[in-house]
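The values are calculated or read from the model by the stated rules, or taken from the named source; none is laboratory data. Quantities reported herein were computed from a predicted structural model and do not represent experimental measurements. So basically every Cβ, Gly included, is an ideal-geometry build from the backbone, and we count neighbours across all protein chains shown.
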Amino acid sequence: MTKWIEAFAVPDMKAETAAKLVVDKIVCRFCVPISLHSDQGRQFESLLFLYTCEIFGIHKTHSTTYHPQGNGIAERAIRTLKELLRNIMNQKKTELDESIDLALMTIRTTVNDTALQTPFTLVYGRKPRTINSHEMTDKSRNENLHTFTDELEKKVRDIESRAKEKIAASQSKYNHYYDNTYSNTFWPGSWVRVRNATPSALSVRYSQPIRIVKEQTPGTYLLYNATGKQFLIHHNRLKAHHIDPRYDVLREDKRAIHVR
């Protein structure tokens, strides 16, 4: 909800590096998160990384293959960060590790279009003091610590409440567009074909018929193939496959699932 971004310059993308970042830069600074969502990169799906999450009780999930839009908030944040880094590095003639903190501060102190607050404000409950800030008071320094803590907690609650209202309004508008855009209907146990994500000129565009197990998340389906292997696929790669119902013997669930 806060749109707070963390990014780190690393020498490699090994599982050890990723796991150490989670412990040193996330857990030790912000305490243990409830869940961690990633793409299906090897470093995030490795036994070491999964075991690290298990030790801390972090629920690990991942996006579907060939569909980075499934983690749209992170993808947009990465795109914004890359643009800022490119500008800073070109202007100041600096390297990545010398530019990343300045880029992150810029994003954290910029008002978010959805919540109408800066990520800094949503996390710390006060407006950030930047190089452009002209107003500086000693009020917070002279207040009783307990009074200041209580007021800060109230500010955070008020800010969160307003931000949630803005996000809910934005989400409602998005859902209305979403519902009017996608109208395909799938059933648990129904058959679909999966579009090849990287087709060549002469390759088959769609897979053999595969059965839907269930809707894992809105727009994402759990499927299994003839060998019993299960995997997640986003709805935009699915096409309904109609078969003779006399041979469809596993129709145990008749509830319709609307693809979103």
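Values as computed for the structure displayed
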{"quantity": "Test: residue in region 15-24 that is under 25 Å from Gln216 (Cα atoms), in contact with a strand residue (DSSP E or B) (Cβ under 8 Å, 6 or more places away or on another chain), surrounded by 11 or more Cβ atoms within 10 Å (Cβ to Cβ) and in the same structural domain as Phe120 (by the TED database)", "calculated": "no"}
{"quantity": "Looking only at region 187-213, and only at residues there that are of a type in the set (Ser, Thr, Tyr) and loosely packed, with under 11 Cβ neighbours inside 10 Å, the one that is modelled with the lowest pLDDT", "calculated": "Ser200"}
{"quantity": "Members of region 214-260 found to be closer than 12 Å to Trp187 by Cβ, modelled with pLDDT under 75 and among the small types (Gly, Ala, Ser), listed by number", "calculated": "Ala256"}
{"quantity": "Residue within region 5-12 that is part of a loop (DSSP other than H, G, I, E, B) and charged (D, E, K, R) present", "calculated": "yes"}
{"quantity": "Tally of residues being free of Cβ contacts under 8 Å to residues at least 40 places away in the same chain and either more than 14 Å from Thr65 (Cβ to Cβ) or of a type in the set (A, V, I, L, M, F, W, C) (or both) across region 226-239", "calculated": "3"}
{"quantity": "Selection within region 84-100 - surrounded by fewer than 13 Cβ atoms within 10 Å (Cβ to Cβ) and among the charged types (D, E, K, R)", "calculated": "Arg86, Lys92, Lys93, Glu95, Asp97"}
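Yes/no per residue for (1) touching a residue at least 40 places away in the same chain (Cβ under 8 Å); (2) of a type in the set (A, V, I, L, M, F, W, C):
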position: Thr65; (1), (2): yes, no
position: Ala74; (1), (2): no, yes
position: Lys82; (1), (2): no, no
position: Asp101; (1), (2): no, no
position: Leu104; (1), (2): yes, yes
position: Gln117; (1), (2): yes, no
position: Leu122; (1), (2): yes, yes
position: Pro128; (1), (2): no, no
